[in-house]
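Enquirer: I'd like to ask you about the structure that follows.
The values are calculated or read from the model by the stated rules, or taken from the named source; none is laboratory data. Fair warning: this is a prediction, and the values are worked out from it, not measured in the lab. Counting neighbours? That spans all protein chains shown, and the Cβs are built from the backbone with ideal geometry, glycine included.
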Amino acid sequence: MDRSQKPVSRRDVLRGTAAGGFALGSALALGGNLTAAKAHALSLKVAGAKDVPSICPYCAVGCGIIASVVNGKVVNVEGNPNSPINEGNLCPKGAASFQMMTTPLRQLKVKYRAPGATQWEEKPLEWAYDRIAQLTKETRDRTFARTWKTTGADGNEVEKEVNHTLAIGSLGGATMDNEWNYVQLKLMRALGVVNIENQARI
Ligand code: SF4
């Protein structure tokens, strides 16, 4: 070790940190320039873009986002300052939602293996939506019960009106926000589904 060099003490480190903080503070004090530069950089990225307000899909907080769209493609995602929930802020996950939309790894097809088949087939998402709707209707029609036999308070068998199907279940997830839960429950109740749960509760 070169003895001409004074060892760095804890106090030196603290002093250096304070100086760094002062430098940063000074820069922020002059921050009009930084803000203008940032705004300019952003304006280049989203120049001519259409702002589409949406909701972050990652969790039930439901933060508002603004997706900037150019020629049908999302080029940027920011927090929506008009959202009363997040007032323009996004957590790291929400801030990364741009990648979720643009990643080449995004799955746009489903894998389907027909009953008895040994091979998976690739099918479009629209095909899967129709298949789910079709199977839901078929299952409901086949299993819907208007009444249910049970034992009354007097011990005798009684037949009660139930209007339900026990063959379909609904399992919600933690990413479902208030509005989605409301609509999901309405749909399930209308179908006569009574086996309703949520992953966040289990
Ligand atoms: S993941 Fe983050 S940004 Fe998205 S809704 Fe939840 S808290 Fe908001």
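Enquirer: Which members of region 57-72 meet the condition of being modelled with pLDDT of 90 or more and either closer than 13 Å to Lys45 by Cα or more than 7 Å from the ligand (Cβ to nearest atom) (or both)?
Expert: In the first step, residues of region 57-72 are kept if they are modelled with pLDDT of 90 or more; the result is 63-72.
The answer is Gly64, Ile65, Ile66, Ala67, Ser68, Val69, Val70, Asn71, Gly72.
Enquirer: A further question follows. Of the residues in region 161-182, how many are at pLDDT 95 or above, surrounded by 10 or more Cβ atoms within 10 Å (Cβ to Cβ) and not aliphatic (A, V, I, L, M)?
Expert: Going through region 161-182 one residue at a time, the tally reaches 5.
Enquirer: Considering every residue within region 76-93, establish whether at least one is of a type in the set (D, E, K, R) and exposed (fewer than 11 other Cβ atoms within 10 Å of the Cβ). Outline the logic, then answer.
Expert: Of all residues in region 76-93, those of a type in the set (D, E, K, R) come to 78, 87, 93.
Narrowing the set further to residues that are exposed (fewer than 11 other Cβ atoms within 10 Å of the Cβ) leaves none.
Checked against the condition, which is being of a type in the set (D, E, K, R) and exposed (fewer than 11 other Cβ atoms within 10 Å of the Cβ), region 76-93 yields no hits at all.
Enquirer: Could you check region 73-112 and list, in sequence order, the residues that are modelled with pLDDT of 90 or more, of a type in the set (A, V, I, L, M, F, W, C) and within 16 Å of the ligand (Cβ to nearest atom)?
Expert: Val74, Val77, Ile85, Leu90, Cys91, Ala95, Ala96, Phe98 - these are the residues of region 73-112 that are modelled with pLDDT of 90 or more, of a type in the set (A, V, I, L, M, F, W, C) and within 16 Å of the ligand (Cβ to nearest atom).
Enquirer: Residues Ala190, Ala174, Ala167: which one is within 18 Å of Gly62 (Cβ to Cβ) and out of contact with any Leu (no Cβ under 9 Å at 6 or more places or on another chain)? Give the steps one after another, and end with the answer.
Expert: On the way: Ala190 fails: within 18 Å of Gly62 (Cβ to Cβ); Ala167 fails: within 18 Å of Gly62 (Cβ to Cβ).
Just one listed residue meets the conditions, Ala174.
Enquirer: So which pairs qualify, if the first residue must be in region 82-99 and over 14 Å from Ile55 (Cβ atoms) and acidic (Asp, Glu), the second must be modelled with pLDDT of 95 or more and more than 9 Å from the ligand (Cβ to nearest atom), the Cβ gap must be under 7 Å, and the two must be at least 6 apart or on different chains?
Expert: Matching pairs, first to second residue: Glu87/Pro81.
Enquirer: Among the listed residues Arg201, Arg113, Arg189, which satisfies the condition of being surrounded by fewer than 10 Cβ atoms within 10 Å (Cβ to Cβ) and either among the charged types (D, E, K, R) or in contact (Cβ under 8 Å) with a residue 40 or more places away in the chain (or both)? Give the derivation first.
Expert: Numbers: Arg113 fails: surrounded by fewer than 10 Cβ atoms within 10 Å (Cβ to Cβ); Arg189 fails: surrounded by fewer than 10 Cβ atoms within 10 Å (Cβ to Cβ).
Answer to the selection: Arg201.
Enquirer: Only residues that are surrounded by 14 or more Cβ atoms within 10 Å (Cβ to Cβ) and of a type outside the set (A, V, I, L, M): list them for region 58-75, please.
Expert: Within region 58-75, Tyr58, Cys59, Gly62, Cys63, Gly64, Ser68 meet the criteria.
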